[in-house]
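Heads up: the structure comes next, in structure tokens.
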Amino acid sequence: MSLPDRVRDGEPDTLVGGSDPTSGPAGRRAPPRLLVAPGTLVADKFRVLRLLGSGAMGQVFLARQELIERPVALKVLHPHLAPELAMAQRFHFEAVAASKIRHPNVAMIYDYGQFDGTLYLAMEFVEGETLSATIHRLERVPVRMTMDVAAQVVAALGAAHEQGVLHRDAKPQNILLRPESGGISVKVVDFGVAKLLDRPNSVLTQSGLVVGTPEYMAPEHAGGKVIDATADLYALGVVLYEMLEGRLPFIGRSRVETSVKHMREAVPPLNANVPPALASLVMRMLEKKPQDRPQSAAEVIGALNRVAIVLDSVGPQPPTEPLVDEVSVDERYRLTEQLTQIGPVVAAPESRPAALPATVRLPVYTPPEPLTQPVALSRSATGASLFATVALVLLTLGVVTLVTALVLFAVR
């Protein structure tokens with residue numbers, strides 16, 4: 001598999017509501033020059049409030065839609081990029097692609113247009129933090145939280161795929177988390193490098209430029225080949241690996257070297273704390289050949305449900321001596337996973353999957369309590385015991401009488 005001459009990174013760390021602490025004080029740069037001053041009324045609709053984040057393509061502001069007083073995230077393209085056809089088309093594609101998708105796990109697009117010689121995009125404002133910030137804060141994300149986030153992201157990707165949209169840049173920076181009562185709400189954002197399957201002859205695909213982020217690119221994507229939904233699922237597999245392991249599976253000294261590693265090197269195994277059923281799913285999603293991966297978002301959701309069944313049925317090992325020493329926890333996971341292959345539970349990709357429970361506990365075996373007092377016999381048992389005692393006494397007396405008589409007879 002050959003590597004294209006150029007591999008372009010996706011827009012870095014565009015933040016929508018929240019901050020990303022992955023760039024510490026040592027990497028702090030001077031504040032960027034604002035493309036739009038606070039207080040500006042964009043397109044007579046959106047009042048700019050403050051800067052949320054910056055990227056290679058432009059800046060994102062918190063704004064207020066004046067007519068209905070709704071907070072929005074306003075993305076503004078750098079003016080010097082607006083004349084470039086590829087950049088303008090990429091910005092336009094984000095508006096078209098995201099507006100095709102109606103799903104609770106995809107940030108909504110409200111408006112798109114031109115302002116003061118550049119382009120703007122108004123979308124749903126999500127107050128939370130990026131998944132990259134969460135990984136940085138937790139190092140390794142707990143298994144249940146990983147599965148909850150995965151279920152919602154894959155549901156969002158499935159909704160996009162149903163509308164003929166490939167995201168092509170699924171990564172933690174484009175996944176926003178917002179705490180809710182009883183769980184976490186996930187929003188997938190930034191369809192700036194999305195591919196519309198019904199528009200194969202776009203400038204973005206004809207230029208020979210591979211767009212995306214090399215650390216999350218499927219081998220065929222990095223190699224400039226035709227991609228399908230399985231490339232998005234590969235990227236999600238990298239995200240899950242990073243959540244569970246606290247690091248990326250492949251990191252090269254350059255973007256090209258990273259892409260080569262994805263194409264040629266085996267994926268390092270996950271740590272032993274990851275349940276084998278979940279590790280198996282992640283490794284399937286990271287297969288080099290597209291045909292060896294899950295073929296749809298619905299298939300991944302079904303696999304996640306099967307993993308949940310395994311965790312519900314097995315749970316963590318209780319802090320007591322195991323009842324069966326010969327069967328390890330790993331073997332129980334494998335056996336249960338084989339059994340659950342018979343009837344997969346598949347959720348509809350257009351509906352948001354329910355949040356998985358945070359903890360699962362097996363019922364702990366409790367031995368019977370020792371006896372503390374004599375057990376009373378029943379009436380029938382008491383009668384039988386008394387009869388046997390009387391019979392034994394009479395038999396003894398009879399034997400004694402017979403022996404006495406024989407002795408007296410011998411004396412005479």
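The values are calculated or read from the model by the stated rules, or taken from the named source; none is laboratory data. Note that the structure is a prediction, hence the values are computed from the model and not measured. Here Cβ is always computed from backbone atoms with ideal geometry, including for glycine, and neighbour counts include all displayed protein chains.
Quick rundown of the values:
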| read-out | value |
| --- | --- |
| Residue among 170, 122 that is crowded, with 23+ Cβ neighbours inside 10 Å and either of a type in the set (Lys, Arg) or farther than 24 Å from residue 274 by Cβ (or both) | 122 |
| Output for region 226-249, where each listed residue is of a type in the set (Gly, Ala, Ser) and outside any helix (DSSP H, G or I) | 246 |
| Some residue of region 5-14 being of a type in the set (S, T, N, Q), at pLDDT below 75, closer than 21 Å to residue 174 by Cα and surrounded by 18 or more Cβ atoms within 10 Å (Cβ to Cβ) | yes |
| Test: residue in region 287-297 that is surrounded by 16 or more Cβ atoms within 10 Å (Cβ to Cβ), of a type in the set (Gly, Ala, Ser) and touching a strand residue (DSSP E or B) at 6+ places or on another chain (Cβ under 9 Å) | no |
| In region 147-167, residue farthest from residue 271 (Cα to Cα) [restricted to those that are buried (at least 21 other Cβ atoms within 10 Å of the Cβ) and not aliphatic (A, V, I, L, M)] | 161 |
| Scan of region 250-259 for residues that are assigned to a helix (DSSP H, G or I) and not acidic (Asp, Glu), ordered by number | 255, 256, 258, 259 |
| Hey, residue 164 under 30 Å from residue 41 (Cβ atoms) and either modelled with pLDDT of 90 or more or not acidic (Asp, Glu) (or both) or not | no |
| Residue 117 being surrounded by fewer than 17 Cβ atoms within 10 Å (Cβ to Cβ), closer than 22 Å to residue 64 by Cα and in contact with a Phe, Trp or Tyr (Cβ under 8 Å, 6 or more places away or on another chain) | no |
| Failed item in (1) touching a strand residue (DSSP E or B) at 6+ places or on another chain (Cβ under 8 Å); (2) at pLDDT 90 or above; (3) not β-branched (Val, Ile, Thr), with residue 255 passing the rest | (2) |
| Subset of region 50-81 that is surrounded by 15 or more Cβ atoms within 10 Å (Cβ to Cβ) and among the charged types (D, E, K, R) - its residue that is nearest to residue 117 (Cα to Cα) | 75 |
| Matching residues in region 57-76 - criterion: being touching a residue at least 24 places away in the same chain (Cβ under 8 Å) and out of contact with any Lys or Arg (no Cβ under 9 Å at 6 or more places or on another chain) | 73, 74, 75, 76 |
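Matching residues to (1) part of a strand (DSSP E or B); (2) modelled with pLDDT under 75; (3) not small (Gly, Ala, Ser):
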| residue | (1), (2), (3) |
| --- | --- |
| 168 | no, no, yes |
| 173 | no, no, yes |
| 176 | yes, no, yes |
| 185 | yes, no, no |
| 193 | no, yes, yes |
| 199 | no, yes, yes |
| 205 | no, yes, yes |
| 208 | no, yes, no |
